[in-house]
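A short reminder: the numbers here are calculations on the coordinates, not readings from a lab. Since this is a predicted model, take the numbers as computed values, not measurements. FYI the Cβ positions are ideal-geometry reconstructions off the backbone, even for glycines, and counts take in every protein chain you see.
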Ligand code: NAD
Ligand code: WQD
């Protein structure tokens, strides 16, 4: 298949481009480098031996996006990663998030229609479940979103669902749990700009000496050790699920025009378990302290992924230790640069 990947130089997008190439698909990637760098393209090429067909396009620019899509022949499906993802920033600047994440998705749908493309995989998030009783499956009710970022994911899911009713569009919405880790080559990985919000980059940056101390946000939750529980999924496992998702669309395995899949490991780990796993595989001590709870954190969430296993034929192959090992190798690679 020929796949257009938006946000193709980002964290999950770059790993997915690699897996699409590995599976023999042709890829065209676009990005505006708002949260990634052009050298990712060279690094993908080093991994796969294949040059990435790429164009710098901002999905907020409807005309440029449409012109680009019309210039491309034979695209079978789109995988849509391009979005802003910082929860806190979305609270400070909600319009920026609605414009890019929702407006950009609407532009993309118009451009796809103009180019006659009717299959899309969309990056959604477990954030749509809010505080739910885990393990959560895809039928779990979606409460009111807790941030403008979370709301953009809910709205985009609704936009896509509604549009399937008015067109021949076929959609797979993929609800990621907590993506972590990096490619085994250490050539691509997560590049948090500024102080990381997420746990794993904060752990690795503390261990390498970029941050003085990691604050564990609360140890008085009703969990095994008092810290919050999440479902940490290796980014390469996640990337491989996208290959399955577009093949599911192409082979018309869907029963409805709009399908949703959870992508997680099915296992929850506490913040302290993540730190312990990191210390075990790296041999480094993490300087951490217990601090107050972080506003908006859910106590615990992890996925029921039976649907992805049964319908897509996908399941994770890597464990938490491998997530930590590859995240650490990536951090050390960045430090050498
Ligand atoms: P990322 O920031 O690394 O990648 C997103 C890419 O999109 C970046 O390269 C950025 O430059 C690009 N982009 C942003 N706005 C654009 C625009 N207007 N035009 C063109 N390109 C644009 O983020 P990621 O972690 O790879 O996330 C990918 C997707 O997965 C996002 O939609 C995100 O909301 C979703 N998601 C991420 C997580 C996570 O924890 N990483 C969890 C759930 C869902
Ligand atoms: C994980 C755990 C923190 C940092 C976020 C988004 C969500 C999704 C994934 C996109 C929590 C604790 C963290 C730190 C800590 N993204 N923590 N000290 O909050 O589960 O999800 O990323 O869709 O929408 O909200 O991930 O990595 O921030 O936190 O103790 O310095 O680590 O409290 O329990 P989160 P995270």
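Some values worked out for this structure:
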item: Segment residue 26-residue 319, length gained on full extension (0.36 nm per residue, minus Cα span); result: 102.5 nm
item: For the range 89-234, the spread of Cα positions along each principal axis, largest first, Å; result: 51, 37, 33
item: Gyration tensor verdict on the range 142-182 (Cα atoms; rounded if a/c is under 1.5, prolate if a/b is larger than b/c, oblate otherwise); result: oblate
item: Span from the the range 201-216 Cα centroid across to the the range 116-160 one, whole angstrom; result: 30
item: Ranked by how many other beta carbons lie within 10 Å on average, peptides 261-271, 27-37 from highest; result: 261-271, 27-37
item: FRET efficiency, residue 165 to residue 61 (Cβ-Cβ, R0 30 Å, nearest 0.05); result: 0.65
item: Rounded tilt (10° steps) of 104-115 against the dominant C-alpha axis of the chain; result: 30
item: The range 136-208, Cα convex hull volume normalised per residue, Å³; result: 173
item: Average silhouette area of the range 1-107, convex hull of alpha-carbon atoms, in square nanometres; result: 6.5
item: Additional length obtainable on full extension of the chain from residue 333 to residue 70, 0.36 nm per residue less Cα span; result: 90.8 nm
item: Relative counts (whole %) of C-alpha pair distances in the range 258-320, using bins that are 10 Å wide; result: 17, 36, 31, 15, 2
item: Cα centroid separation - the range 58-95 against the range 280-337, whole Å; result: 27
item: Kirkwood-based shape ratio for the range 61-150, expressed as Rg/Rh from alpha carbons; result: 1.05
item: All-pairs alpha carbon distance profile, the range 233-337, 10 Å steps from 0, percent; result: 12, 33, 30, 18, 6, 0
item: For the chain, the Rg and Dmax computed from alpha carbons only, in angstrom; result: 19.1, 56
item: Cα-based Rg and Dmax for the range 167-263, where Dmax is the largest Cα-Cα distance (Å); result: 18.0, 53
